[in-house]
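Here is the structure we will look at.
Read the figures in this text as sums done on the coordinates, not as results from a lab. Keep in mind that this is a model prediction, so the values were computed, not measured. All Cβ positions, even for glycine, are placed from backbone atoms using ideal geometry, and neighbour counts span all protein chains on display.
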Amino acid sequence: MNMIRNKVGGENQATVTLTDGESEICRLVDRAATGDFEAFGELYSLYLDRIYRYVFYQVKDRMTAEDVTEEVFVKAWQAIDSCKGKGQTFSPWLYRIAHNQVIDNIRGQRKTVSTDVDIAGDDDPELETEGKLERERLLAAISGLSQSQQQVIMLKFIEGMHTRQIGQIMGKSQGAVRILQMRALARLRQKLDKGK
């Protein structure tokens, strides 16, 4: 792990600990910011599945998710030198671009799309069918949440992000994110209890 100290006026204001993976991302972002397309290609490989999954769970359409995901990476490449904090903030910065693209897409389309999700199932057709029904029920309940609540649920429970990162992506304080999460979970519980 690497330690990065932020000095202001000669005093240590904060110490951030980076894992080796985070350090590598910092190096790749620094190289990409200087126009190194190969470094950006590595970042693309690292984040493609995560960004696609994030977009897909919001737009619920494979082709749309692919288009939006590609647009996210095009915009990221065009603006990589503006990523504040470079590698330390790259992930929230990239998710923020994805969030904005999803919002633009939703505003542009304003149509209902299918909630079909292909997730590899078991060999037992009965279990596979039961699992698919549960997923559909959960996705239907999630789609009934507000856009902000859906985003918090996806970033927290599907992407496994910390509250601080979610706040950076959504442009909200950590307290606001916690409140959104709490309300979203309460609403989901209520919807799922009604469905039983």
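Using a simple spin-label model with points 7 Å from Cα along the Cα→Cβ vector, what separation in nm is obtained for residue 23 and residue 179?
4.0
Within region 121-196, count lysine pairs with alpha carbon atoms under 20 angstrom apart where the residues are 8 or more positions apart or belong to different chains.
5
Any chance you could run the full-extension gain for residue 67 through residue 82? It's 0.36 nm times the residue separation minus the Cα-Cα distance, nm to one decimal.
3.1 nm
Between residue 186 and residue 135, what is the label-to-label distance in nm when each label sits 7 Å out along the Cα-to-Cβ direction?
3.1
For a protection proxy built on the mean count of beta-carbon atoms within 10 angstrom, sort 94-102, 155-163 highest first, please.
Top to bottom by mean Cβ count within 10 Å: 94-102, 155-163.
Using label points projected 7 Å from each Cα along Cα→Cβ, tell me how many nm separate residue 193 and residue 49, to one decimal.
Here the modelled spin labels are 3.7 nm apart.
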